[in-house]
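Just so it is clear, none of the values below were taken in a lab; they were calculated from the coordinates. Worth saying up front: this structure is predicted, and the values here are computed from it rather than measured. No Cβ is skipped: glycine too gets one built from the backbone with ideal geometry, and neighbour counts run over all protein chains shown.
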Amino acid sequence: MRTFYHPDQALHDPKQFMRFGKVVAPKDLPERTQRLLGALAKHGIAPERPPAHWLQPILAVHDEGFLTFLRSAWERWQELPAERGPEAWPNTFPYWSGRPDEDVRPPCRPTGFIGQLGWYLGDLSVPVGEHCWISTLRSAETAVSGADAIIAGERFAYALCRPSGHHARSDRASGFCYLNNSAIAAQRLRSTFSKIAVLDVDAHHGDGTQQIFYRRPDVLTISIHADPSNYYPFFTGYSDETGNGPGEGFNLNLPLRHGAGGAEMAAALDKAGDAIRAFGAEALVVPLGFDAHKDDPIGVLKLESADFAAIGTKVKALALPTLVVQEGGYAIEAIGNCLDAFLGSVME
């Protein structure tokens with residue numbers, strides 16, 4: 001099994017996170033990568049450093065204006081008055097209709113930086129610091145390298161991506177996510193495979209991935225996550241969201257009750273597996289978050305570390321060329337055990 005990770009991903013070190021109306025310490029700590037690297041080492045796996053792929057594969061799913069904003073945000077932040085905060089952070093959010101028949105919002109009208117902050121950063125969990133762009137770029141390149149390994153004939157690959165990606169939309173960052181690593185990888189796989197399935201297993205709905213592929217019949221998007229009616233991202237992730245236009249019938253959301261454990265996760269995975277087989281997927285992308293663990297500080301599901309072994313078994317049973325892309329997981333003491341359990345089952 002080939003795995004990929006670039007050490008520049010650990011440079012991203014956010015300073016601010018808004019939770020319950022209070023600025024608190026961020027949850028996406030650089031230490032997360034060290035715990036996951038430790039789990040890989042336990043299995044004798046040394047990740048490959050991905051080569052530079054630059055913007056071409058990213059532009060296949062993301063808006064060019066959005067990328068220009070992300071690349072320049074830190075430098076533009078330095079031009080603001082001295083009382084600015086430690087990171088670029090928005091203070092206004094524009095209204096948008098959210099129409100599913102629109103692949104992307106219209107171009108951002110404000111030319112001023114503050115207006116663009118509110119357009120391109122979707123919430124207060126995506127501050128842009130000095131190293132945010134380089135870590136985000138390397139994270140996306142890690143996912144691209146994983147996809148390339150699958151294209152080259154690898155049956156199973158793992159991309160240790162940080163920052164995460166599944167909340168990033170085609171032209172907006174949110175939920176600790178700046179670029180959608182899984183969507184970038186899925187689009188890369190489309191150069192070889194005609195049908196791709198994305199099976200997102202995380203405490204949170206993969207709203208960005210859903211948005212990117214919502215009107216397409218060639219990528220089946222499935223998300224298993226906690227009920228969003230009182231949980232982030234709140235506005236998407238419901239079972240009646242099934243796709244739009246050409247993509248109608250190619251999006252499946254399987255929300256779980258808060259407090260759900262391994263048995264309910266397994267049942268949802270069985271439903272997902274049936275949909276993937278019926279779709280006739282030729283390759284699989286699995287955005288995998290460990291924030292479904294019972295000890296996660298912002299989680300509401302109750303999986304044990306051992307339950308991720310069962311997830312791995314069900315993923316393996318699909319018998320598809322599979323790329324696993326790391327998503328969330330913020331219980332520092334638990335995430336290594338989760339990855340260890342998952343790898344143990346897929347490597348049997």
Report, by chain and number, residues whose modeled amide H sits under 5 Å from the one on HIS225, excluding near sequence neighbours (fewer than 5 apart, same chain).
LEU254, LEU256
Distance cut-off 28 Å, Cα to Cα: go down the list LYS195/LYS316; LYS15/LYS316; LYS195/LYS314; LYS42/LYS314 and report the pairs above it.
LYS15/LYS316
The chain: most fluctuating residue of GLU241, GLU333, GLU79 per GNM, C-alpha cutoff 10 Å:
GLU79
Can you tell me what share of the DSSP beta bridges in the chain is antiparallel? A percent to the nearest 5 is fine.
15
How large is the charge dipole for the range 122-199, taken about the Cα centre, if only the Cβ atoms of Lys, Arg (+1) and Asp, Glu (-1) carry charge, to the nearest 20 debye?
260
Nearest-ten-degree value, helix 332-346 long axis tilted from longest Cα axis of the chain
40
Along the range 226-239, what does the Karplus equation 6.51 cos²θ - 1.76 cosθ + 1.60 (θ = phi - 60°) give for ³J(HN,Hα), rounded to whole Hz, x for Gly and Pro?
6, 3, x, 4, 9, 7, 4, x, 6, 9, 9, x, 8, 5
On each of the three principal axes of the Cα atoms of the chain, give max minus min coordinate, whole Å, ordered largest first.
57, 44, 40
Any chance you could tell me what percent of the C-alpha pair distances in the range 192-348 go past 24 Å?
27
Value of relative contact order over the chain, rounded to a whole percent, pairs C-alpha under 8 Å and six or more apart
18
Tell me, how many Å apart are the Cα centres for the range 318-348 and for the range 47-82?
28
What is the angle, in °, between the Cα long axis of helix 64-77 and the longest principal axis of the Cα atoms in the chain? Nearest 10 is fine, range 0 to 90.
50
